[in-house]
Amino acid sequence: LLSIQHLDVGYVTRNGTVRAVRNVSLDVAPGEFLGLAGESGCGKSTLAFAATRLLDPPGAVLDGAVSLAGRDLLALTPEQLRQVRWKEFSLVFQASMNVLNPVLKIREQVYDAMQAHGITDKVKLDARARELFRLVGIREEYLDSYPHQLSGGMKQRVVIAIALALEPKLIVMDEPTTALDVVVQRQILQEISEVRRRLGISIVFITHDLSLLVEMSDRVAIMYAGEIVEQAPAHELYAQP
Ligand code: ADP
Ligand code: ADP
């Protein structure tokens with residue numbers, strides 16, 4: 001589904017170019033849950049942005065090949081990119097909960113996202129919203145709350161529910177639960193893993209916490225200093241000394 005080949009990403013700064021991603025090649029199969037781990041600063045977020053082109057970081061220079069469902073993402077014009085993002089793939093990151101509009105009820109925001117992507121039937125909207133909330137572990141009555149009435153963890157679940165509502169082929173999640181406590185993180189990760197199995201969505205889940213990924217991922221890739229230094233099925237990583 002996603003194929004990254006020999007990707008290099010550099011940031012052009014006053015003091016020269018920072019090579020944040022170096023010669024990375026990575027494939028994600030349809031429906032696969034890929035965990036991407038590595039210490040802070042190793043290039044995970046840069047890879048996430050470059051692989052989805054959802055937020056090109058300022059000053060970033062990309063080289064190599066990225067294709068998603070056969071489309072060359074590096075060749076798309078901004079207009080073409082607009083047509084496929086969110087619908088075909090999305091990105092959820094730590095601060096995603098801030099995209100929620102404080103003056104709109106959660107229900108309206110979930111409906112808006114689905115309507116923007118062609119689901120307009122009221123009955124379907126309602127059924128879908130309720131199903132997704134159940135799947136990501138939010139009580140239904142929160143649909144009629146405003147964002148400030150929800151905890152950070154709940155808001156983050158709402159954003160994840162919205163991303164899932166659009167049924168993209170791929171969702172990249174960059175430390176979406178890092179601000180939450182470990183028990184909640186684990187729970188959300190488990191729910192995401194379940195949902196993607198049911199909906200057949202591929203997930204790339206990024207975190208600096210390797211142990212969190214080992215149980216839940218099909219495969220784990222480890223980054224160090226801009227490179228992927230290890231890629232293995234999760235159970236094989238466990239077996240190493
Ligand atoms: P991670 O997500 O693993 O913490 P990042 O992708 O954020 O890593 O950063 C990788 C490297 O690129 C780091 O050395 C970071 O300082 C650098 N970097 C990130 N964003 C920029 C930027 N906008 N300009 C210059 N350097 C950057
Ligand atoms: P436009 O098409 O006007 O550029 P956007 O692409 O920003 O608008 O947003 C299109 C729809 O996708 C909106 O309904 C928005 O709520 C939803 N959306 C925004 N951010 C995300 C995200 N991270 N994941 C999934 N859907 C999103």
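Every number here is computed from the coordinates shown, using simple stated rules; none is lab data. From a predicted model like this one, the values you see are computed outputs, not experimental measurements. Positions of Cβ are generated from backbone atoms using ideal geometry, with glycine treated the same way; all protein chains shown enter the neighbour counts.
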About its Cα centre, region 22-156 carries a charge dipole, from +1 on Lys and Arg Cβ atoms and -1 on Asp and Glu Cβ atoms, whose size in debye to the nearest 20 is 200
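Nearest 0.05, what FRET efficiency do Glu79 and Gln115 give at R0 = 22 Å with Cβ-Cβ as r?
Values: r = 21 Å, r/R0 = 0.97.
FRET efficiency, Glu79 to Gln115: 0.55.
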Hydrodynamic radius by Kirkwood for region 158-218, inverse mean 1/r across distinct Cα pairs, in Å, is 11.8
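Take the Cα radius of gyration of region 52-135 and divide it by 2.2 N^0.38 Å, with N its residue count; two decimals is plenty.
Ratio of Rg to 2.2 N^0.38 Å for region 52-135: 1.34.
Run the numbers for Lys122 and Glu108: contour at 0.36 nm per residue of separation, minus the present Cα-Cα distance, in nm.
Details: separation 14, 0.36 × 14 = 5.04 nm, distance 1.17 nm.
Full-extension gain reported as 3.9 nm.
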Under 20 Å by backbone N from the virtual spin label 7 Å along Cα-to-Cβ at Asp63, the residues of region 1-41 are 4-26
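Can you give the charge dipole size of the chain about its Cα centre, rounded to the nearest 20 debye, using +1 on the beta carbon of Lys and Arg and -1 on the beta carbon of Asp and Glu?
Here the size comes out at about 520 debye.
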Using eta = 0.890 mPa s and T = 25 °C, Stokes-Einstein with Kirkwood Rh from Cα pairs puts D for region 86-241, in µm² s⁻¹, at 151
Mean shadow area (nm²) of the C-alpha convex hull around region 1-110 is 8.8
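Please give me, ordered by residue number, the trypsin sites (Lys or Arg not before Pro) of region 1-76 that lie in loop per DSSP and have at most 15 other Cβ atoms within 10 Å.
On the way: sites: Arg14, Arg19, Arg22, Lys44, Arg53, Arg71; in loops: Arg14, Arg53.
For trypsin sites (Lys or Arg not before Pro) across region 1-76 that sit outside H, G, I, E and B with at most 15 neighbouring Cβ atoms in 10 Å, the list reads Arg14.
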For the pair His208 and Val183, the simple spin-label estimate (label points 7 Å beyond Cα toward Cβ) gives in nm 2.4
For the His6, Val99 Cβ pair and Förster radius 35 Å, calculated FRET efficiency rounded to 0.05 is 0.60
Checking region 189-241 for trypsin sites (Lys or Arg not before Pro) in a loop per DSSP with at most 14 other beta-carbon atoms within 10 Å yields none
Under a Gaussian network model of the chain whose springs join Cα atoms within less than 10 Å, the largest fluctuation of Val172, Val18, Val159 belongs to Val18
Among Ser45, Phe133, Leu34, the residue whose Cα sits farthest towards the positive end of the charge dipole of region 1-141, when +1 is placed on the Cβ of each Lys and Arg and -1 on the Cβ of each Asp and Glu, is Phe133
